[in-house]
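Enquirer: I'd like to ask some things about the structure below.
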Amino acid sequence: MTSSPITPPGSSRTRERAAAPAKVSDELERWLGGKGERTLGSLIELFQEKSFALLFVLLLGVPALPLPTGGATHVFEIIAALLALELILGRERIWLPQKWCALELGGSRQQRFLHGLMRMIRRLERLSRPRMRFLFEHRLSSIVFGMLVIAGSAGAFFAPPFTGLDTLPALGVVLLALGVLLEDILVVIVALIVGAAGVVLEIVLGTAAIHGIGSIL
């Protein structure tokens, strides 16, 4: 198919707008307001290959809150690391046990969390735009994405309990996943800075605590 040698003004922009993918927040809103079943499996089916990034946001969203969790979120971090391993191994679709896929997300608590997530994504969409989209289309990108998620999840997992030091590594993963969802390299860069700062802070404070305890003993 060849294009006309003379392109009417504005027609290319019109085509770009017409071909633009649906916003993540709009898809999530339609799913939340739809009449179909609202299960984890149906959410994965809706977002397909992007469901990896969405689940990383859901799983690391709780430890990313500035609250001491006391290790209660370790199970989320382990699941996130296992899903990231699937991504590294080349799976294009998430595999989860059937029982997990049937998990209902229609409860009031889950709905509040998902609506909060949708509002956060919508705010970020206003500030964000696709940047260097081609970087998100390579197999190598998925491998790097998975490795970074494992690193961030490990940083959150090994943070001392009740210190709140798991917040920044987990927030780094959440922002990274949102950057992948929005295909915005700038958001990804911010995510890497936040996650790296969290891990460095964890190491520095952890080392200082060990030296302090050693000097007392």
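Enquirer: Taking the condition within 14 Å of VAL180 (Cβ to Cβ), free of Cβ contacts under 8 Å to residues at least 12 places away in the same chain, surrounded by 11 or more Cβ atoms within 10 Å (Cβ to Cβ) and not polar (S, T, N, Q), does VAL57 pass?
Expert: Answer is no for this residue.
Condition check ((1) in a helix (DSSP H, G or I); (2) among the aliphatic types (A, V, I, L, M); (3) crowded, with 18+ Cβ neighbours inside 10 Å) across all residues:
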{"site": "LEU32", "(1), (2), (3)": "yes, yes, no"}
{"site": "LYS35", "(1), (2), (3)": "no, no, no"}
{"site": "SER42", "(1), (2), (3)": "yes, no, no"}
{"site": "GLU45", "(1), (2), (3)": "yes, no, no"}
{"site": "ALA64", "(1), (2), (3)": "no, yes, yes"}
{"site": "THR69", "(1), (2), (3)": "no, no, yes"}
{"site": "ALA72", "(1), (2), (3)": "no, yes, no"}
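Enquirer: Can you name the condition, by its number, that GLY70 falls short on among (1) modelled with pLDDT of 90 or more; (2) at positive phi?
Expert: If we test GLY70 against (1) modelled with pLDDT of 90 or more; (2) at positive phi, just (1) comes out false.
Enquirer: Then there's this: ALA196 is checked against (1) free of Cβ contacts under 8 Å to residues at least 40 places away in the same chain; (2) surrounded by fewer than 16 Cβ atoms within 10 Å (Cβ to Cβ) and fails just one. What number does that condition carry?
Expert: Condition (2) is where ALA196 drops out.
Enquirer: All but one of (1) under 26 Å from GLY90 (Cα atoms); (2) surrounded by 14 or more Cβ atoms within 10 Å (Cβ to Cβ) hold for GLU202; which doesn't?
Expert: (1)
The values are calculated or read from the model by the stated rules, or taken from the named source; none is laboratory data. These numbers come from a predicted model, not from an experiment. All Cβ positions, even for glycine, are placed from backbone atoms using ideal geometry, and neighbour counts span all protein chains on display.
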